[in-house]
Each structure stands twice: as structure tokens, then as C-alpha cells.
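Report on the following structure.
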Amino acid sequence: DAGVHSKVWYAATCDRKTAEDALYRSNKDGSFLIRKSSGQDSRQPYTLVVFYNRRVYNIPIRFIESTRQYALGREKNGEERFDSVAEIVENHQRTSLVLIDSQNNTKDSTKLKHIVRVS
């Protein structure tokens, strides 16, 4: 268990569009939630959805089978790994999360500040 099911920031039945709409409505930098990934791939079970600077970022959360840990985004050397998805959220409530815009090739960063609930 990734430690997500009892958390207020986990939107279990939420799809990408619903999550993005909820974050646009919140309109606050650092708004976030975690949803199940669309692909239902065991190696990428969840997606962290973050609102910043009028944009929504969908960041995949990967499950690393060999260490039974979680990491954000594409695999990279020296990446941070966490024992649960809850640890990722707690970490990025304290330290900034780098947001990469692949279309415009820009980087921003924000902390996870406002939990968005999907009704």
C-alpha cells in the first residue's frame, strides 16, 4: 500500500480532466491532489497533479519494484526515492518541487500547499 487511501489529497476515482478542472477552479499556486494514473500501469500507479502559474502539471509517480519505493517523473540518476506516496507529499510540502514544462522548456518550482478535493 502506498499510504494514499485514507489521505484527503487522494482522489481515488478521479480522471485527468476532472483533476485538472478542480485545480483550475482552485486557482491557487501550489494546489495539488494525487489521482490514479490513467494507464493503470503497476510501474506508474499514481499521478501528482499540481497547479502553478495558471497551469496544471501531471507528474507521474513511479513504483520501483526492486526497492519497493516511489519516485517522481522519469527515471534519472540521483533521484529522490520515497517509501510511500504520502512521504512524497510530506516532503514537497516542506521543499520545493521542480515543475518542468516540456512544451516551453521552462522550469518552475513550488511547494505543495493547498489540498484540492474533487467533489
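The values are calculated or read from the model by the stated rules, or taken from the named source; none is laboratory data. Treat the numbers as computed from the prediction; the structure is a model and nothing was measured. Backbone-built Cβ (ideal geometry, glycine too); neighbour counts: all protein chains shown. Calculation scope for accessible area: heavy atoms of the full protein, side chains included, ligands and nucleic acids excluded. Shrake-Rupley method; radii C 1.70, N 1.55, O 1.52, S 1.80 Å.
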**Complete:** Ordering 97-108, 50-61, 5-16 by per-residue average of other C-beta atoms within 10 angstrom, highest first, gives 50-61, 5-16, 97-108
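Obtain the radius of gyration and the Kirkwood radius of the chain from its C-alpha atoms and give Rg over Rh.
Working: Rg = 13.3 Å, Rh = 14.3 Å.
Using Cα coordinates only, the ratio equals 0.93.
Relative contact order for the chain: what percent, with Cα pairs under 8 Å and sequence separation of 6 or more? Let's see the in-between values first.
Details: 223 pairs, mean separation 31.3, N = 119.
Relative contact order here is 26 percent.
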**Asked** Out of 109, 37, 66, any idea which swings most in a Gaussian network model of the chain, alpha carbons joined below 10 Å?
**Response** 66
**Request:** Using only Cα atoms, locate the centre of region 1-57 and the centre of region 88-119, then give the distance between them in Å, rounded to an integer.
**Result:** 11 Å
**Asked** Using the Karplus equation 6.51 cos²θ - 1.76 cosθ + 1.60 (θ = phi - 60°), what ³J(HN,Hα) coupling, rounded to whole Hz, does each residue of region 72-83 give in order, writing x for Gly and Pro?
**Response** 9, x, 6, 5, 8, 5, x, 5, 7, 10, 10, 7
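With a 1.4 Å probe and all protein chains left in place, how much accessible area per residue does the chain have, in Å²? Present the calculation step by step, with values, prior to reporting the outcome.
Details: 7160 Å² over 119 residues.
Counting only protein heavy atoms, the per-residue value for the chain is 60 Å².
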**Prompt:** Of the heavy-atom accessible surface of region 1-98 (probe 1.4 angstrom), what whole percent is carbon and sulfur?
**Reply:** 42 percent
**Residue among 67, 95, 47 with the largest mean-square fluctuation in a Gaussian network model of the chain, springs linking Cα atoms under 10 Å** = 67
